[in-house]
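The block underneath contains the structure these notes are about, expressed in structure tokens.
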Amino acid sequence: MDGEELTEQETALYDRQIRVWGADAQRRLSKSHILVCGMKGTVAEFCKNIVLAGVGSLTLMDDRVVTEEAWSANFLIPPDENVYGGKTIAEVCCDSLKDFNPMVRVSVEKGDLSSLDGEFYDKFDVVVVSCCSVTTKKLINEKCRKLSKRVAFYTVDCRDSCGEIFVDLQNHKYSKQKIEETIECQLRYPSFEEAISVPWRALPRKASKLYFALRVLEQFEEAEGRSPGEISIADLPAVLKLKKELCEANALNASHVTDSLLERLIIGTREFTPVCAVVGGILGQEVIKAISCKGEPLKNFFFFDIMDGKGVVEDVSSPKKESK
Amino acid sequence: MVSERQLEAIKIDMDTIEVSNLNRQFLFRQSHVGQSKAKVARDAVLKFRPQMSITAHHANVKDPKFNVEFFKQFNVVLNGLDNLDARRHVNRLCLAADVPLVESGTTGFLGQVTVHVKGKTECYECQPKPAPKTYPVCTITSTPSKFVHCIVWAKDLLFAKLFGDKNQENDLNVRSSDASSSAHAEDVFVRRKDEDIDQYGRRIYDHVFGYNIEVASSNEETWKNRNRPKPIYSADVMPENLTEQNGNVAKNCVVDTSSVSAMASLGLKNPQDTWTLLESSRIFLEALKLFFAKREKEIGNLSFDKDDQLAVEFVTAAANIRAASFGISLHSLFEAKGIAGNIVHAVATTNAIIAGLIVIEAIKVLLKDTDKYRMTYCLEHITKKMLLMPVEPYEPNKSCYVCSETPLSLEINTSRSKLRDFVEKIVKAKLGINFPLIMHGSNLLYEVGDDLDEVEVANYAANLEKVLSQLPSPVTNGTMLTVEDLQQELTCNINIKHREEFDEEKEPDGMLLSGWTQAPPAKDDKQSMNDKQSIGNGGDSSNALQTEPADAVKDGEMEEISEPSGKKRKLSEGSKASILDATDGTRNHKEVEKLDDDDDDDDDVVMFDDLDSMTNKKKRLQ
């Protein structure tokens, strides 16, 4: 594919992972550019993973100041005011991440994500957003989709001891191993907006309850003008009311989205670190697959919940637009 | 990972940091290469959790100081080990100390976490674990059919013969044909006084790749159903004198004595390239030359080390030439190194996922949430919509000799087999008891220890050489022997059954142990039936790593048997949801222990025995 060989340093450092995905995939990784917005614990884990993997560059966006909540779940931020004082979350994380792999260019971008235009997103191969409203998610996704080059789009959020990943690879061609041979495959992904517009009744009966619960919370926060996660037990009655309305609108039995799950997600405002590791790990793997075009990526939602311990993939796409 | 302020941890690791660790072991930096893993990890964790109490031991977990009393200190033990021997050892100590153990392993994209609690769940040894892969001597010395056979030949026979301990027994000249020429052949490998190094090299080359192959080729029986190998002589491959070769030789190449390399010398830069027969031959001769020219002092003492560049080059070259002879495809240095070094491939993401899952199980253990314990499998391919699959732990295996103290049975010829055979082949090799105490009733037949006096030591040494029926306390049909390991606090009872005859092919050891199951290593050769011995790749049974990546799960073929949650022996898919109070930061947890014992750079190995029993499918190992 490329004429460039891996350097001796890269071969030594990446030896164990080259044995997993091959030198060609490693080369593609080294040329890839990742944008990450919203740096909580899960995203910190994800960043650590891809920096170790040896991507070309990683750009961080998060202008919030460091608080105790931030460093309690984000291992990239040392709990030392001398270190983080006066810096944004992105800046502190940037310093830590550079340390993990000097061969990766890690930098900070300041500003409002949604005000940036297509030209900005064109610089990247992968965009990962977290801790942002449903409107912002749709907006960024659309900007990525408008570009002529394929920019992979992911959302990731963890609440309490659950996590959700959304994947949009648009039109993705990849190779996979089946026994001894390599097969070329293709997948078509719906956009975030298309996915969440799929009527709930069209989804399988046993679809992860987390999907519905998170959509309810998303809508609630959007309607009330809240930041993601800016919610408390006092909001529970209003949330349950919204849930009922949404279920009715979707012709779904209200009991399908359990009240206890919603309550749990509202009360649990902080991330739980082992969940961050698990979800950040899955996300890291997915991004690596997307960049290398090796291995079947998940389509298109992933859920993890400590309660049942399952890591589940849900395909939320409209049957009409689906084609393999 | 830990945010509980009251937690104390002890970390044990005997290894030092290497460059190839850095792609995933993120507590370490380039500047830490060569330092103790336990110590550096401790320092790194304290940076983001300064209030934690962590003690680091740069030590081997099998050290006697880590005895049952030591283990009793802990609420939970977390394993991140990379070899079967150490895992079994810790398993036994945790059982003896009655401390829950969270086990784990990863290979590439696969991984798993399991919980073991005495009396409640299976112990780590309740399910058989695969043995390290071994190959029949015949396959290695005479009839290789796969590249790995050539590697084992090049590493354990040729390399060992040329550069290793000369007194070590070596099968290099063992042939299926007559051995009459072997006495003469013994001199071949020794470099004659003042022999020109190039000449010596070509002489060795011609002997092992030319002459030996011609002789082997002449045996009709061996090749009746196989393709004959082609002898290869240096003159045919490299007609010109080595010093006159043009083209790829890097003329201005200054050979740095600290990183002597035949590849560098010959200008072959890319370890991912597959050399031709000619290139392999050049490397073979150049590497041999460099060993003698730059590392002469080491010759006679060398053992193969995958991080020894020149050794890897030599073994790759030799294996390739042999492969060419036998019509097997050649491989790159990168691939050959992986095979020769038993390298386990590893990535940061899988390790992160498994680490998260380990902590989740550890917290359940600390909270004594017994019903919530799960074995969780990280899958490469989505199965039943899952990438992470939790399974309820099984009940203890009633015939597990480790945790259920069920007696084993041993069929053996008590008039012919010596106590030594019993100790080596059964007690150490199969039962994993390295410091045994063997009793017949109240009579001590054998023991190891620092506190023995001369008389006892002499006594036991004498006992080892006696056949069982001639021991001071005779061991015959119906005898019950007790084998103990004091450190592991393991007691094992073995019923002895006398048997006269054993099948030389199927039971080459002359013993049959039952009531103990070991998963058979996947044999790819049917020839193994004809061979009495076998050669392992790497030899050391304590480094029981699989030589090929575990590619266990067949997608979409798992059988789900739904059961009410209760610890039946069958599989039950997860439990009913209930509130797990996992984030209670006010609890005063005691100690958590993490064990890392990377013997070499190899990372953890995945064991998929549970999935195998669910799917009834054997692992594909090639």
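Just a few scattered comments:
- Working from label points 7 Å from Cα in the Cα-to-Cβ sense, the B:E456 to A:A251 distance is 8.4 nm.
- When chain A is treated as a Gaussian network with alpha carbon springs shorter than 10 Å, the biggest mean-square fluctuation among A:Y211, A:Y14, A:Y121 belongs to A:Y14.
- Annotation: peptides B:160-171, A:255-266, ranked by per-residue average of other Cβ atoms within 10 Å with the highest first, follow the order A:255-266, B:160-171.
- Accessible area (Å², per residue) of chain A, counting only protein heavy atoms and a probe of 1.4 Å: 40
- Calculated FRET value between A:K149 and A:S72, using beta carbons and R₀ = 35 Å, to 0.05: 0.35
- Taken about its Cα centre, segment B:1-153 carries a charge dipole of about 160 debye when Lys and Arg each add +1 at the Cβ and Asp and Glu each add -1 at the Cβ.
- Heavy-atom SASA rank of B:H89, B:H345 (probe 1.4 Å, accessible area, largest first): B:H345, B:H89
- Local electrostatic count, B:W275, Cβ distance below 15 Å [Lys/Arg +1, Asp/Glu -1]: -1
- Charged-residue dipole, Cβ positions (Lys, Arg, Asp, Glu), chain A about Cα centre, Debye nearest 20: 1120
- Considering only A:P204, A:H256, A:L242, the residue lying farthest towards the positive end of the dipole of segment A:198-267 is A:P204, judged by Cα position with unit charges set on Cβ.
- Model label zone, A:F120; criterion: amide N under 15 Å from point 7 Å along Cα-to-beta-carbon; scope segment A:61-85: A:61-64
- Rough spin-label spacing in nm, given labels placed 7 Å along Cα→Cβ, for B:L278 and A:K244: 8.5
- Ranking of A:K87, A:K98, B:K155 by solvent-accessible surface, largest first: A:K98, A:K87, B:K155 (1.4 Å probe, protein heavy atoms only, all chains present).
- Loop-resident sites, segment B:54-111, for trypsin sites (Lys or Arg not before Pro), counting at most 14 other Cβ within 10 Å (DSSP): B:K65, B:K72
- Overall form of segment B:345-384 per C-alpha gyration tensor (a/c, 1.5; a/b vs b/c): oblate
- Across segment B:489-494, computed HN-Hα scalar couplings (Karplus, 6.51 cos²θ - 1.76 cosθ + 1.60, θ = phi - 60°) run 6, 10, 10, 10, 9, 10 Hz from first to last residue, x flagging Gly and Pro.
- Accessible surface of segment B:437-476 [probe 1.4 Å, protein heavy atoms]: carbon and sulfur percent: 51
- Partner shielding of A:44-52 amounts to 4, given as the average count of beta-carbon atoms from other chains within 10 Å of each residue beta-carbon.
- Computed in the context of the full set of protein chains, the accessible area of segment A:190-324 at 1.4 Å probe radius has 51% of its extent on carbon or sulfur.
- Centre-to-centre separation between the Cα atoms of segment A:233-307 and those of segment B:122-163: 48 Å.
- For the chain pair A and B, the interface hides roughly 4700 square angstrom of accessible area in total, found with a 1.4 Å probe.
- Inter-label distance for A:K138 and B:A235, nm, one decimal - labels placed 7 Å from Cα along Cα-to-Cβ: 8.3
- For B:T55, nonlocal amide neighbours, meaning residues 5 or more places apart or on other chains whose placed amide H falls under 5 Å from its own, are B:A9, B:I10, B:K11.
- Packing rank of B:327-334, A:271-278, A:102-109, B:388-395, where each peptide gets the mean count of other beta carbons within 10 Å, highest leading: A:271-278, B:388-395, B:327-334, A:102-109
- Residues of segment B:69-104 with amide N under 11 Å of the 7 Å Cα→Cβ point at B:K129: B:80-92, B:103-104
- About the Cα centre, charge dipole magnitude for segment B:304-448 (Lys/Arg +1, Asp/Glu -1 at Cβ), debye: 300
- Share antiparallel - DSSP beta bridges, chain A, percent rounded to 5: 60
- Pairs with C-alpha atoms separated by more than 27 Å, drawn from the list B:K161/B:K294; B:K65/B:K161; B:K11/B:K384; B:K129/B:K466; A:K40/A:K299, are B:K65/B:K161; B:K11/B:K384; B:K129/B:K466.
- These residues, A:D125, B:D308, go from largest to smallest accessible area, 1.4 Å probe, as A:D125, B:D308.
- Calculated [θ] (222 nm, deg cm²/dmol) that DSSP helices of n ≥ 4 give over chain A, each run adding -39,500 (n - 2.57): -13000 deg cm²/dmol
- Mean partner shielding of peptide B:385-393, defined as the number of other chain Cβ atoms within 10 Å of each residue Cβ, is 5.
The values are calculated or read from the model by the stated rules, or taken from the named source; none is laboratory data. This one's a predicted model, so the numbers in the text were calculated from it and none came from an experiment. No Cβ is skipped: glycine too gets one built from the backbone with ideal geometry, and neighbour counts run over all protein chains shown. Protein only, heavy atoms only, side chains kept; ligands, DNA and RNA dropped before computing areas. Shrake-Rupley method; radii C 1.70, N 1.55, O 1.52, S 1.80 Å.
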